[in-house]
Every structure is written in C-alpha cells, then in structure tokens.
1. Could we say that Ala200 is outside the structural domain of Leu82 (by TED's automatic domain parsing), touching a helix residue (DSSP H, G or I) at 6+ places or on another chain (Cβ under 7 Å) and crowded, with 21+ Cβ neighbours inside 10 Å here?
2. Which of the residues belonging to the range 98-150 are in contact with a Pro (Cβ under 7 Å, 6 or more places away or on another chain) and more than 25 Å from Cys63 (Cα to Cα)?
3. Can Gln187 be described as closer than 18 Å to Trp8 by Cβ, of a type outside the set (A, V, I, L, M, F, W, C) and surrounded by fewer than 20 Cβ atoms within 10 Å (Cβ to Cβ)?
4. I'd like to know if the range 282-294 contains one or more residues that are at pLDDT below 95, surrounded by fewer than 15 Cβ atoms within 10 Å (Cβ to Cβ) and not hydroxyl-bearing (Ser, Thr, Tyr).
5. Looking at the range 305-327, can you tell me whether even one residue there is among the charged types (D, E, K, R), modelled with pLDDT under 95 and touching a helix residue (DSSP H, G or I) at 6+ places or on another chain (Cβ under 8 Å)?
6. Would you check if Val331 is surrounded by 13 or more Cβ atoms within 10 Å (Cβ to Cβ), modelled with pLDDT of 90 or more and either in a helix (DSSP H, G or I) or among the β-branched types (Val, Ile, Thr) (or both)?
7. With the requirement that a residue be touching a residue at least 60 places away in the same chain (Cβ under 8 Å) and either in a helix (DSSP H, G or I) or closer than 18 Å to Thr214 by Cβ (or both), what does the range 38-53 give you?
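The values are calculated or read from the model by the stated rules, or taken from the named source; none is laboratory data. It should be emphasised that the depicted structure is a prediction, and the values quoted were computed from it without experimental measurement. Note that each Cβ is placed from the backbone with ideal geometry, even for glycine, and that neighbours are counted across all protein chains shown.
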Amino acid sequence: MSTDLPGWLAAPLAEALRRPAAHAVLVHGPGGVGQFEFAYALASAWLCESPEDLRACGHCTGCRLMQSRTHPDFKLLLPEALREALGFADEETRESDKKAKPSREIKVSAVREAIEWTQKSTSRGRAKVVLIHPAQAMNAIAANALLKTLEEPPAGVRLLLCTTDPELLLPTIRSRCQRWPIALPSQEESLAWLGDQGLAGAEVLLAAAGGRPTDAIGMAADGITAAAWSALPNAVSQGDARALMGWPVPRVVDALQKLCQDAMAQSVGGRPRHFAAVPPGADLSKLQAWGRNLARTARHDEHPWNAGLLTEALVAEGAEAWPRAESGRRVATLRGS
C-alpha cells in the first residue's frame, strides 16, 4: 500500500478530521477510489503523537509504527485474499496461502479477537483503532458479534469500516456509524495521479476500470496492458481467445462482461464505456444470452475451473453474437480436457 494519499482524498480527509470524532465511522463509495487508503490515513491521524493541522505528522513514533504496520494500538481486520495486494501479508500468511486458497471473508474469530483487544489499555496513550475492510466481508455472525462494541465501545476506541455499498451491511451496523462518502474522482484527477504512478496507457486502463483509478493500477499489476485491452473486442468478435490466455479467471469474466455491456449499449444506439471501439453488427438477443451466462460464471469465479477451457468457451459463445466474416473466422471450440 502506497503511503502517498491520492489528491482527490486530501479534501475529504481534512473535512473528516475537522469534524468531532465519532467512535464509529463508515467510509463508503465506489470501489477502486482509495477507500482503504483514506481510512488508513484517518487512523494514522488519530494515532499521531504530534499532529500537524490535524493530519498525521509522518515522523513521530506513532506515525513510524503505522508506516511499518506495527502500531500496537491499531488492529486491521482484512480478508486473507486482500493482504498481499494491500501490503499486509507476512511470511506466515504467504505460507498459509500456498496450502489453501486465501479466504475472502472476515471471520467471526477475528472479530471476537478484535473486540477482546479493544478492552485492553492503550500502549501509546492516544487511542485504539480497529479498521475493517471491506466491512461486507463479515458474514452475519461476525457482523452481529460487532454490534455491542459499535454501540458502546470502550473509552478511547474508534472503529473504521469501509464498504462499496452501505446497503450490503446490516441496518444495525449502518445505524451505529457516522457515514463518510468518498466520490469518484474526475478523469483529470485520476489521470494525473496515474501518471505520477508511472502507469503506461493510463487513459485506456482508466476507462477499462470504469473510471476507478486504483482498479486501473490493479489491472496493470495483473499484467493487463492498454494494448491488450484495446485489441480485445476484435479478438473476441473473431472467436480468438488467445488475447485472454494467462489472465486470472475473475479478470477474464470481468473483461468479457464489460465488452458485452459495451456491445449491447452500441447495438441500441449508445456509446461504449470501457472500450474505445467495439465491432458493430452484434445481435442483441445473443449478447443478452451471453451476458446472462457471464453473470452466472462471475458468481462462481473462485471455482477451480480449467482456466483455458473456460476462457475458450466464453469467447466462443460471445463470438456467436457477431456476424461471420465471408473469409471465414477462427472460432474457439471446447474440445474437452
């Protein structure tokens, strides 16, 4: 996780710090806009021992401990599947991930451990902060276990919850939190930040990510280039699955869903959103059927698929929506394993 806060988060952070501190804050907004970075910066400011204009100074002992991920008064509840991406994986976690698929849930045992932790005295004397990201990763049992602490936390304890949609949380969770929305940044703000990160093909990948800049960084980290993304519509319309080979299955399904959505929009007179150009002439009813199948597959993208065969099958189905070229086209076929 970068310690540099994206520019579009600076004003919301300053405003949040000016408000009277609530014991529970719910940070919400579209995914891929820096919710976690915002919440971590807020926690750092609360734990800073020499704050400057309410923000973390960056050089006191408390700030150095936050930067090294070792602050004794900070507790992070994060699914195992997100720890590596956000820079919080240790050697024990990496070894565990090799043996079993990392969990996408925040387990009730972790919530109960955090609750017990809040009842102990602070080590540095400023506060104790629990950050839960994303809060919707708690199942119903874990969420219910948190309710009493959310309503009546021990003195000096603050809870930070992040979510892409408050409606995904229990009403009893939402009602106990002060809400803090994070808006999608403008294209100009996003491109400026992506340029600072050294991202090649930033404009293409930002569109591919639906305008969500940190998601664009994630796509690049998975090996998706602007050139590969731009070539995808023509390749799929011709039944050529090679453009997607080697991509993680969730990325394959996401890319094909976006292409399907863009093609459907174009077929009724709209404009593509995620791709600069989509081949014309696609059959709307076939696109709709393809979209339904992609949605079903997306619900099970963690299934142990044969990635190559699944990709070929999905591309072959999508290619049927486009008219066949007279010269003949390569249509991928599923031949069995």
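1. Working: outside the structural domain of Leu82 (by TED's automatic domain parsing): yes; touching a helix residue (DSSP H, G or I) at 6+ places or on another chain (Cβ under 7 Å): yes; crowded, with 21+ Cβ neighbours inside 10 Å: no.
No.
2. Scanning the range 98-150 gives Ser103, Arg104, Glu105, Ile106, Ala137.
3. Answer is yes for this residue.
4. The first filter runs over the range 282-294 and keeps only residues at pLDDT below 95, leaving none.
Taking every residue of the range 282-294 in turn, none turns out to be at pLDDT below 95, surrounded by fewer than 15 Cβ atoms within 10 Å (Cβ to Cβ) and not hydroxyl-bearing (Ser, Thr, Tyr).
5. If we filter the range 305-327 for residues that are among the charged types (D, E, K, R), which is where we start, we get 312, 317, 320, 324, 326.
From what's left, modelled with pLDDT under 95: 324, 326.
Subsequent filtering for residues that are touching a helix residue (DSSP H, G or I) at 6+ places or on another chain (Cβ under 8 Å) retains none.
No - not one qualifying residue is present in the range 305-327.
6. Values: surrounded by 13 or more Cβ atoms within 10 Å (Cβ to Cβ): yes; modelled with pLDDT of 90 or more: no; either in a helix (DSSP H, G or I) or among the β-branched types (Val, Ile, Thr) (or both): yes.
Spelling it out, it is not the case that Val331 is surrounded by 13 or more Cβ atoms within 10 Å (Cβ to Cβ), modelled with pLDDT of 90 or more and either in a helix (DSSP H, G or I) or among the β-branched types (Val, Ile, Thr) (or both).
7. Phe38, Ala39, Tyr40, Leu42, Ala43, Trp46, Leu47
Results for (1) surrounded by 18 or more Cβ atoms within 10 Å (Cβ to Cβ); (2) within 27 Å of the chain's Cα centre (by Cα); (3) in a helix (DSSP H, G or I), shown as yes or no for each residue.
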residue: Arg126; (1), (2), (3): no, no, no
residue: Leu131; (1), (2), (3): yes, yes, no
residue: Gln136; (1), (2), (3): yes, yes, yes
residue: Asn144; (1), (2), (3): no, yes, yes
residue: Thr149; (1), (2), (3): yes, yes, yes
residue: Pro153; (1), (2), (3): yes, no, no
residue: Arg158; (1), (2), (3): yes, yes, no
residue: Cys162; (1), (2), (3): yes, yes, no
residue: Glu167; (1), (2), (3): no, yes, yes
